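Engineer: Dropping the structure in here first, questions after.
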2 protein chains.
Amino acid sequence: MRPQVLIIGCGFGGLEAARALRAADVDITVIDRTNHHLFQPLLYQVATAGLSAPSIAAPTRHLFRAQRNVTTLLGEVVAIDAQSRTVTLKDGALLRWDHLIVAAGATHSYFGRDEWAPHAPGLKTLDDAFEIRRRVLMAFEMAEREDDPARRAALLQFVVVGGGPTGVELAGTFAEIARHTLPGEFRRIDPRQARVLLVEGNARVLQAMPERLSERAREQLTALGVEVKLNARVTGIDAEGLDLTTAAGPERLLSRCIVWAAGVAASPLGRALADATGCTLDRAGRVVVEPDLSLAGHPNIQVIGDLASAQSHAPGKEPRPVPGVSPGAKQMGRCAAANILKRLRGQPTTPFRYSDYGNLATIGRHSAVVDLGTPAGPLRFSGYLAWLFWLFAHVYFLIGFRNRFVVLMDWAWAYWTHDRHARVIAQK
Amino acid sequence: MRPQVLIIGCGFGGLEAARALRAADVDITVIDRTNHHLFQPLLYQVATAGLSAPSIAAPTRHLFRAQRNVTTLLGEVVAIDAQSRTVTLKDGALLRWDHLIVAAGATHSYFGRDEWAPHAPGLKTLDDAFEIRRRVLMAFEMAEREDDPARRAALLQFVVVGGGPTGVELAGTFAEIARHTLPGEFRRIDPRQARVLLVEGNARVLQAMPERLSERAREQLTALGVEVKLNARVTGIDAEGLDLTTAAGPERLLSRCIVWAAGVAASPLGRALADATGCTLDRAGRVVVEPDLSLAGHPNIQVIGDLASAQSHAPGKEPRPVPGVSPGAKQMGRCAAANILKRLRGQPTTPFRYSDYGNLATIGRHSAVVDLGTPAGPLRFSGYLAWLFWLFAHVYFLIGFRNRFVVLMDWAWAYWTHDRHARVIAQK
């Protein structure tokens, strides 16, 4: 019987690991809670009605149709047993493995305030995106039917919490919708009077970027009509709005559409792994891995992607933490696959080394900031050219030829018409 | 103050009525429970993962953006008052009207067996389509994880109840998915072993068609791999399957994916109208209208589309019932709008006359049946040419240039690759 490789999760890390084993003499099982691989960097476009879900979500088993050593299963892993080398699914089924790659990703963290969740959805899954889309569009619909000016103003106030890439993208696109997509379609309200706020706890947005690009991003957001509130701490969220504390004192913002883009927590499978193997979790619940991405004392279990607290080991340099971005997850996926092959051949495994190709974030219709590492040193630019670069980089990495083409078409259309075609609110 | 025209429902009838009033000196309010106009003839493609929802659903207010005398509202009408000329919305709001067009459409009817509904969803809304898509795809996913041969066979049994156009389209596409889209993507099951059954209570499918075309449709379905059961009466549906009675006696079909395409009932607003005006309802709950589509004694209320039990009044001919198809609804919408203008000018209204351009139904990848009325007599054909005709007719009538283009692209892609791109199962 060939070695059984089980991969939990088919995000960027899991997908890449399975693909890297395409020629290996192993049986691979990929199990995921959903039936699709999601191109998460464009999920904010689904949430803001610019793209339809199938444009960024490819059926997992379709992606593996030609890779005959992969079996795709739909299911949720709830427990891991390192002794018997099995995992237990939610419906009680058991799956056996010889090599396990855990790539279960991350979810939102409300920093212990889970009661905020129903009032401020985060953006990790397609269902999250549909919920945000529904709230944004419903706020305008309800405002059109509201006669009371105060309640109408509250309906037209949109708050994004968290100034990372997702928060910046969402806030910029909300402003674009209010300023460019919807005007002319309402008779009682002027969508341009909508107020979009981006609330960030630190002194600048896009913390992973150099300071100059953060400042450019803030300027571009402001030019789009987004009010950026820095050094602002959220102290409460309820069905009517949220409470802030800034240098100017406490403040109350009324809003029926609050989006949470502030905190990330590792998948609960991290806890399950710790129970099974005694491995260490970091503060965010991520699994602390060995240099080769395996668990201490469990060389046949590897953890990759957002669930891993991993270090990059470049020769002659200090280990550095790997950022939680998709290139990191993909590179870990390839490293984990290579290390399985090495172990099967009896060779020593290699430590993970992260190649940082840079950092991009888009801000709205034609602005973005780009920070690239090149052999000649960092290349940093912003504005229209950065936006074009961002656009083609994202479309290039989209899974599957058809999706790339469809997404480009959708964007070309949206660009010329300001139209956002995916404005369907599913009924309740 | 200009006359207030209120249109309830923005399906084919309501949309057409509002458009026909574009140059009129009236204020039009279009109210709908959803935010989109749905191109229902292609809804089965969303249910079978061939098209994404935004391809066939255009935001209603976007369609009316340039028609300045239309205000679009999202809301559900629950009561109508003919005395005070108001309607009441679900949230208690009141809307005033001088002229009312009720175009609230139809819903499923389980012939008094509403307990069947959760086990056999119908196909009227986008949410219905998502639910059917989820059930079809989940059945294959669960079969891939099922070891018991009997349970696996039950999971791979798909039953469509009702041999009208929707039932025929769904059954044909299910067979296509099993035979052409999914093979190669599973490792433990062979999707080609799926059994697709079409259950019809009468002696032939597509009853609205001439007998010869019904027979051709049955042959084409059989060639695609659909088992057509005629003269089969459904006596029970539960979570595990359905019970039938045929000439051969009672039969039990195990299935986890049953779709109801058998019965149509008028919207509950028909009952509300009867309460308000004393108008007559027919057996299906449809409102019996005067020749000019108004209600007896209430000339300023008109009922159109699937909610109306209307007659076609051609000069020198007996009145004939209008079929429940989209051209009928559109023509009634234009007639109702014209009659409002006539009443405003003090002219007599004209009776509704239905122009029957024919009848189409598609059966699968390249079969269809077409029955056209031409001045030279009926033109009837089937097969590949009929399919091309069906394709272009549907794409031509799709709302909005972009949608037409996207749908054609999607079909060109699906045609060459057998791929169905919209195979996303949203999480629960």
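Engineer: Please work out which residue is farthest from A:Trp97 (Cα to Cα), limiting yourself to the stretch A:332-359 and to residues that are in contact (Cβ under 8 Å) with a residue 60 or more places away in the chain and touching a helix residue (DSSP H, G or I) at 6+ places or on another chain (Cβ under 6 Å).
Structural biologist: Here the residue is A:Phe352.
Engineer: Among the residues of the stretch A:273-318, which ones are among the aliphatic types (A, V, I, L, M), touching an Asp or Glu at 6+ places or on another chain (Cβ under 8 Å) and under 19 Å from A:Arg85 (Cβ atoms)?
Structural biologist: A:Ala276, A:Ala296
Engineer: Identify, by number, the condition in (1) surrounded by fewer than 15 Cβ atoms within 10 Å (Cβ to Cβ); (2) away from chain B (no Cβ under 14 Å); (3) of a type in the set (Gly, Ala, Ser) that A:Ala412 doesn't meet.
Structural biologist: For A:Ala412, the failing item is (2).
Engineer: If I filter the stretch A:265-275 for residues that are under 22 Å from A:Val205 (Cα atoms) and either in contact with a strand residue (DSSP E or B) (Cβ under 6 Å, 6 or more places away or on another chain) or exposed (fewer than 15 other Cβ atoms within 10 Å of the Cβ) (or both), do I get at least one hit?
Structural biologist: Looking through the stretch A:265-275, at least one residue is under 22 Å from A:Val205 (Cα atoms) and either in contact with a strand residue (DSSP E or B) (Cβ under 6 Å, 6 or more places away or on another chain) or exposed (fewer than 15 other Cβ atoms within 10 Å of the Cβ) (or both).
Engineer: Let me ask another. When B:Thr173 is evaluated against the numbered criteria (1) among the hydroxyl-bearing types (Ser, Thr, Tyr); (2) closer than 19 Å to B:His421 by Cβ; (3) within 11 Å of chain A (Cβ to nearest Cβ), which criterion, by number, is the only one it fails?
Structural biologist: Failed condition: (3).
Engineer: Kindly check whether there is at least one residue in the stretch A:131-138 that is over 17 Å from the mean Cα position of the chain (by Cα) and away from chain B (no Cβ under 11 Å).
Structural biologist: Yes, some residue in the stretch A:131-138 is over 17 Å from the mean Cα position of the chain (by Cα) and away from chain B (no Cβ under 11 Å).
Engineer: Look through the stretch B:99-124, keep the residues that are surrounded by 18 or more Cβ atoms within 10 Å (Cβ to Cβ) and more than 17 Å from the chain's Cα centre (by Cα), and return whichever of them is nearest to B:Asp81 (Cα to Cα).
Structural biologist: Applying the filter and picking the extreme gives B:Leu100.
Engineer: Here is a list of conditions, (1) of a type in the set (Gly, Ala, Ser); (2) assigned to a loop (DSSP other than H, G, I, E, B); (3) touching a residue at least 24 places away in the same chain (Cβ under 8 Å), and A:Ala329 meets all of them except one; can you say which number that is?
Structural biologist: (2)
Engineer: While we're looking at this one, here's another question. Quick one: in the stretch B:86-98, which of the residues that are farther than 18 Å from B:Ala17 by Cβ and within 13 Å of another protein chain (Cβ to nearest Cβ) is surrounded by the fewest Cβ atoms within 10 Å (Cβ to Cβ)?
Structural biologist: Among those that are farther than 18 Å from B:Ala17 by Cβ and within 13 Å of another protein chain (Cβ to nearest Cβ), it is B:Gly92.
Engineer: Of these, B:Val226, B:Val199, which one is more than 20 Å from the chain's Cα centre (by Cα), closer than 15 Å to B:Phe158 by Cα and not basic (Lys, Arg)?
Structural biologist: B:Val226
Engineer: Does A:Glu141 count as of a type outside the set (Phe, Trp, Tyr), in the same structural domain as A:Asp238 (by TED's automatic domain parsing) and farther than 27 Å from A:Ala106 by Cα?
Structural biologist: Yes: the conditions hold for A:Glu141.
Engineer: Quick test of your reading of the structure: A:Ala239 fulfils all but one of (1) assigned to a loop (DSSP other than H, G, I, E, B); (2) out of contact with any His (no Cβ under 9 Å at 6 or more places or on another chain). Name the failing condition by number.
Structural biologist: Failed condition: (2).
Engineer: Now for a separate question. Go through the stretch B:242-267 and give me each residue that's touching a residue at least 24 places away in the same chain (Cβ under 8 Å) and part of a loop (DSSP other than H, G, I, E, B).
Structural biologist: B:Ser255, B:Arg256, B:Ala261, B:Ala262, B:Gly263, B:Ser267
Engineer: Only one residue in B:Cys335, B:Cys279 is of a type outside the set (Val, Ile, Thr) and either over 30 Å from B:His394 (Cα atoms) or not in a helix (DSSP H, G or I) (or both), so which one is that?
Structural biologist: After applying the criteria, what remains is B:Cys279.
Engineer: How about the stretch B:122-216: which helices (runs of 4 or more DSSP H) wholly inside it have at least 2 residues that are hydroxyl-bearing (Ser, Thr, Tyr) and under 16 Å from B:Cys257 (Cβ atoms)?
Structural biologist: B:165-176
Engineer: Hey, can you tell me all the residues within the stretch A:44-57 that are touching a strand residue (DSSP E or B) at 6+ places or on another chain (Cβ under 7 Å) and either assigned to a helix (DSSP H, G or I) or more than 8 Å from every other protein chain (Cβ to nearest Cβ) (or both)?
Structural biologist: A:Ile56
Engineer: Can you work out which of the residues in the stretch A:370-407 that are charged (D, E, K, R) and part of a helix (DSSP H, G or I) is nearest to the other protein chains (Cβ to nearest Cβ)?
Structural biologist: A:Arg402
Engineer: Of all residues in the stretch A:300-323, count the ones that are without any contact (Cβ under 8 Å) to a residue 40 or more places away in the chain, more than 20 Å from the chain's Cα centre (by Cα) and not in a loop (DSSP other than H, G, I, E, B).
Structural biologist: Here the count works out to 1.
Engineer: Being among the acidic types (Asp, Glu), closer than 29 Å to B:Val369 by Cα and assigned by TED's automatic domain parsing to the domain that holds B:Glu146 is true for just one of B:Glu185, B:Glu211, B:Glu240. Which residue is that?
Structural biologist: The unique qualifying residue is B:Glu211.
Engineer: Of everything in the stretch A:102-112 that's at pLDDT below 95 and part of a loop (DSSP other than H, G, I, E, B), which residue is farthest from A:Gly328 (Cα to Cα)?
Structural biologist: Within the stretch A:102-112, the match that is farthest from A:Gly328 (Cα to Cα) is A:Gly112.
Engineer: Does B:Ala422 satisfy the condition of being within 14 Å of chain A (Cβ to nearest Cβ), without any contact (Cβ under 8 Å) to a residue 12 or more places away in the chain, outside any strand (DSSP E or B) and of a type in the set (Gly, Ala, Ser)?
Structural biologist: No: the conditions fail for B:Ala422.
Engineer: What's the total number of residues in the stretch A:67-85 that are surrounded by 18 or more Cβ atoms within 10 Å (Cβ to Cβ) and over 18 Å from A:His99 (Cβ atoms)?
Structural biologist: 2
Engineer: A follow-up question, please. Limited to the stretch B:58-85, what total is found for residues that are within 14 Å of chain A (Cβ to nearest Cβ) and either more than 16 Å from B:His36 (Cα to Cα) or out of contact with any helix residue (DSSP H, G or I) (no Cβ under 6 Å at 6 or more places or on another chain) (or both)?
Structural biologist: Residues meeting the conditions: 17.
Engineer: So, one more: Answer yes or no as to whether A:Asn359 is of a type outside the set (Asp, Glu), under 19 Å from the mean Cα position of the chain (by Cα) and within 14 Å of chain B (Cβ to nearest Cβ).
Structural biologist: Against the criterion (of a type outside the set (Asp, Glu), under 19 Å from the mean Cα position of the chain (by Cα) and within 14 Å of chain B (Cβ to nearest Cβ)), A:Asn359 does not qualify.
Engineer: Does B:Lys90 fit the bill of being more than 24 Å from the chain's Cα centre (by Cα), more than 30 Å from A:Lys90 (Cα to Cα) and basic (Lys, Arg)?
Structural biologist: Yes; evaluated as a whole, the condition is true for this residue.
The values are calculated or read from the model by the stated rules, or taken from the named source; none is laboratory data. As the structure is a computational prediction, the values presented were derived from the model and not from experiment. Methodologically, a virtual Cβ is constructed for each residue, glycine included, from the backbone with ideal geometry; neighbour enumeration extends over all protein chains shown.
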